[in-house]
Each structure stands twice: as C-alpha cells, then as structure tokens.
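**Q** One structure, as structure tokens, below. Some questions next.
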C-alpha cells in the first residue's frame, strides 16, 4: 500500500470505530458513567489539557519509559553479545536469564518498591528489567545464529576476531537486535503502567488509577487512548529507523 | 600424478595443493558414521585449473571445504606448498554458490573487506578495490549494495573480492549453479579471463560436465558411497577456449564422463 493509502486506511478505520463507539455509548444499553461517549472523552482530554496535566503526565511517563528503555536496551545488547559469543557468559548467565523470562514485570513492582522506594528508581528498574529481557533474548539469538557462510567468508578473506566481530557478526545480528528494541519499546509501555499504578504521583498510569478513585471513566479513556497513540507512534518510529539502519533487511 | 606439461602456462609459482589418503568421516545423528570422502589422492599443480565433478553427495564439496579449512579431516593429509592445512587460511580464497557477499557493505565495501588484511594506505586500498571491480566490469556499481544487484552481478563482485586479495589457491563451490544458462556462460568466460590475469591454482566443483570441460585442465570424476575419484581426465583443449567451440575431443570426454556419472554403470553408485 502507498503511504497515502495507508493513512487513509488508518483514518477510515478509526472513524468507523468511533462511530460504533458513539452508537453503543448513546444507545442507553450501558450507563454513560461506565462507558462515556467519544464527546465526553474529548471534553475530559480538553479539561486535562487546560489544567496542564495532560502534557505533564505525558512528559513524566515518556521520561520514565525513555530512561528505563535506555538502561535495559544497552544492557540487553551488551549481555546478548556476550552470552552469544563467549562460552563463559553463555554457561554462567544463560540458564539464569531463561529462568527470569517467565517472571512478569508486574510481579517485580513490590520488590522494586522495597528496594528503590516509591521514587523514580523503582519505575526505572521495572521498565529496564522488561526491556532488558526482550532485547537480550533477540540479540542473543541473532548473534548466536549468524550464517556460517558469513563467518567462513570473513575468515578466509583474512579477517581476525575483532574485525569479524564488528564488521560481520554485529551487522549480521543487527536485524534481530532492532526487532528486540522494537519489542522492548512496546514492553516498556506495558511495564511503565504497571509501575505507575502504585506509588506514583504523576504519569499516565497514575492518572488512570486516580480516575478510578473518582469513577471518571472519561479520564480513564483519555489515558488509554494516549497509551495507544504513543505506542503506535513509537512502533512506527522503530520501523522507520530500523529500516534505515538495517536497510538490507526490510521489516 | 598431474603432468606439468599440460598446464596452459607452466608456472613454478606457489599454490601447489597435495592431498594424500584424504578421508573425511561424518558422525550421523544415530551414532553411525559416513565416509563422505575416502582415501583420495589428488595433486593440483600451481596455476592449474582443476574441476571436480560428480553427483550430489559424492563428497566433492567436502573436499573443497577441507582444503579451505572449514571441516576437519579424519585421515590423510592436505598440504599447500608443503604446509599442512590446519584451519582457515587467507592464502586460500573461496567463492561460494550463494555468493556470501556481506549485504551491509556496498560492492566496493565487500572488496575492501578482503583488502584490509594487506594493511594498505586507505587511498591505495580504494584504488585496488576499484581496479578489481573494473576487472569484472562493475566499476560503475561500486556504491551499490548487493541487494540491488542481479545474481550474476553478485557473483562478479564475489569474484572481484576473492581475486583482489591475491590468493594462491582459489576454491569455487558450484559458483554458477544458481544462475540462468545465459548468465552462466558469460560468467564462465569472465572467470577464464580474470583467472588468466591472476593465475591462482583453481579447484572448481560442479555437476555440469560441459562447464568442467570448458574451464579445466583436469577434470576428476567422483562417485558417492564412499566419495572417491573414479576417473581423471586430462582436458587438453588449447587455450584460450571459447564457449561455443565444440571439438571432437570435447565430445569424447563428455561421453566418457556421462557414462561414468550414470550410477548403475559405474557399479560404485549403485550401493548408495
């Protein structure tokens, strides 16, 4: 599909869903207290904007996601390269990391709060943890499974270990690393909300929780839509940057 | 066993490959073993062009991989200029069927990758890379990534990359196997032309009889189960050769090899 066609597709689909949403909300089958109309949600968003909360929440949440993502992603790439290419790290860390994988980020929130308090530290920790695992797994997989022909070609062309690593193994693994980063970014949002639901005083997750206490479903919808838009934009960002970075393998 | 007078241009330069009693055994998943190559004696004279021909699974690629240092041998020896092969060696160039170009480097980047081991000044490295691409007629595609090149062009870049680092021995594993018939013919002519400039010792694995007879000084026919050489044919068609030139010798040799490749008539392939 051409970019214009794609944009049109997104617009039409969203308009369609909004119409159905509006029909359901005004049908009288469900109380509008529980299921607000699109209009009510728009007003709630405007209200949050005028109070200056909308963008300050956004900034706080994005900041947390970014810091957690950067820490988790850099560690994930580093450890992934190590466990894939060095026996010591593969044997020492591989089994442990595979044991960590099934532990969901939410389960770590209480531990994080005890360790780092209710400040920013615990949020960074939970987000970084989730991102780390996704990025590590993909980096490890991509780096461990570099096509044998590339390695053979590089060595018979006289490349030594360092050159083989930087000019062959890393580029060959790059498409997998980018996939890991993209997945990690999506998971960063997931764990961000988990971390903000308890022990926060700002951020999209906190605002959702705060709205629950006042049964403001309209405000909750604003938060959900924000998360949706942010996530989709971020994902597109990774697709575009990823395709530029690993231009020989389109996502 | 190779008669030096047969070599198109007698060369005393380096690049002599000798295999004695070469045996390569693979362990199968069930714990059984398979003799991919058994007791092969073969010598490649410096600067000669040798073809290894045979059906799939006869061990011809395995021999090539052993000389390249990609697989461990189970018995016998391989020596290049009297030195036993113990691993991958940049003096031995390899051209792969699937090109093995690095898609993240441009055509010239791929060639320069090979030249880096020579530690030349940057400008000289660049010049030599362009020169190598010119030899295969691709200097105007220097900045193109392999993904934007056709199969034939990719293999030309791969040839340029391998020849640029001046290997003594050049191993080619069905390099034109993935190309269409027309591209294949022009690649064969190109290979002969470029080889004539560099004169490395070439071992060329193929299952195409015409290709073997067109290119080589010697054509060794292999049979499977276990992989061994069943016949060695001295191809004395004078050089330079032309693709469209069919001599009587060519047809005789062709018929001889065709008979050998029919498994039930060699007796060797029947057990496989």
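The values are calculated or read from the model by the stated rules, or taken from the named source; none is laboratory data. This is a predicted model, so every value here is computed, not measured. Cβ placement follows ideal geometry from the backbone for every residue including glycine, while neighbour counts extend to all protein chains displayed.
**Q** Regarding residue B:136, is this residue modelled with pLDDT under 95 and surrounded by 23 or more Cβ atoms within 10 Å (Cβ to Cβ)?
**A** yes
**Q** Among the residues of the stretch B:100-133, which ones are within 10 Å of another protein chain (Cβ to nearest Cβ), farther than 12 Å from residue B:162 by Cα and assigned to a helix (DSSP H, G or I)?
**A** Result: B:109, B:116, B:117, B:118.
**Q** While we're here: Condition first: within 14 Å of another protein chain (Cβ to nearest Cβ) and touching a strand residue (DSSP E or B) at 6+ places or on another chain (Cβ under 6 Å). Now tell me which residues in the stretch B:68-83 satisfy that.
**A** B:68, B:80 - these are the residues of the stretch B:68-83 that are within 14 Å of another protein chain (Cβ to nearest Cβ) and touching a strand residue (DSSP E or B) at 6+ places or on another chain (Cβ under 6 Å).
**Q** Could I ask something else about it? Enumerate the strands (runs of 3 or more DSSP E) found wholly within the stretch B:177-264, keeping only those where 3 or more residues are surrounded by 15 or more Cβ atoms within 10 Å (Cβ to Cβ) and modelled with pLDDT of 90 or more. Working first, answer last.
**A** Values: elements: B:201-206, B:218-223, B:228-234.
In the stretch B:177-264, the matching strands (runs of 3 or more DSSP E) lie at B:201-206, B:218-223.
**Q** Further question: Among all residue pairs at least 6 apart or on different chains, which show Cβ distances below 7 Å where the first residue, located in the stretch A:17-32, is within 18 Å of residue A:216 (Cα to Cα) and the second is not in a helix (DSSP H, G or I)?
**A** Within 7 Å, the pairs are A:22/A:37; A:25/A:32; A:25/A:35; A:25/A:36; A:25/A:37; A:26/A:37.
**Q** For residues in the stretch B:84-99 being surrounded by fewer than 22 Cβ atoms within 10 Å (Cβ to Cβ) and more than 8 Å from every other protein chain (Cβ to nearest Cβ), which is modelled with the lowest pLDDT?
**A** Here the residue is B:97.
**Q** Could you list all residues from the stretch B:163-172 that are surrounded by 21 or more Cβ atoms within 10 Å (Cβ to Cβ) and either at pLDDT below 90 or not in a loop (DSSP other than H, G, I, E, B) (or both)?
**A** B:163, B:164, B:165, B:169, B:170, B:171, B:172
**Q** While we're here: Go through the stretch B:145-162 and report how many residues are within 12 Å of chain A (Cβ to nearest Cβ) and outside any helix (DSSP H, G or I).
**A** Total satisfying the criteria: 2.
**Q** Does any residue of the stretch A:239-250 turn out to be touching a helix residue (DSSP H, G or I) at 6+ places or on another chain (Cβ under 9 Å), farther than 30 Å from residue B:106 by Cβ and in a helix (DSSP H, G or I)?
**A** No: zero hits.
**Q** Filter the stretch A:240-251 down to the residues that are exposed (fewer than 13 other Cβ atoms within 10 Å of the Cβ) and either closer than 15 Å to residue A:186 by Cβ or within 14 Å of chain B (Cβ to nearest Cβ) (or both) and list them by number. Working first, answer last.
**A** Keep residues of the stretch A:240-251 that are exposed (fewer than 13 other Cβ atoms within 10 Å of the Cβ), which gives A:240, A:244, A:247, A:250-251.
Those that are exposed (fewer than 13 other Cβ atoms within 10 Å of the Cβ) and either closer than 15 Å to residue A:186 by Cβ or within 14 Å of chain B (Cβ to nearest Cβ) (or both): A:244, A:247, A:250, A:251.
**Q** Can you tell me how many residues within the stretch A:112-152 are within 20 Å of residue A:249 (Cα to Cα), surrounded by fewer than 18 Cβ atoms within 10 Å (Cβ to Cβ) and more than 14 Å from every other protein chain (Cβ to nearest Cβ)?
**A** 3
**Q** OK, next. Looking at (1) farther than 24 Å from residue B:44 by Cβ; (2) touching a residue at least 12 places away in the same chain (Cβ under 8 Å); (3) in a loop (DSSP other than H, G, I, E, B), can you tell me which one residue B:90 breaks?
**A** (1)
**Q** Quick check, is residue A:155 surrounded by fewer than 21 Cβ atoms within 10 Å (Cβ to Cβ), more than 15 Å from the chain's Cα centre (by Cα), within 14 Å of chain B (Cβ to nearest Cβ) and modelled with pLDDT of 90 or more? So that I can check it myself, show each step before the final result.
**A** Working: surrounded by fewer than 21 Cβ atoms within 10 Å (Cβ to Cβ): no; more than 15 Å from the chain's Cα centre (by Cα): yes; within 14 Å of chain B (Cβ to nearest Cβ): yes; modelled with pLDDT of 90 or more: yes.
Here the answer is no, as residue A:155 does not meet what is asked.
**Q** Pick out, from the stretch A:158-237, the helices (runs of 4 or more DSSP H) lying fully within it that include 2 or more residues that are within 14 Å of chain B (Cβ to nearest Cβ) and within 18 Å of the chain's Cα centre (by Cα).
**A** On the way: elements: A:161-164, A:170-196, A:204-213.
The helices (runs of 4 or more DSSP H) meeting that bar are A:170-196.
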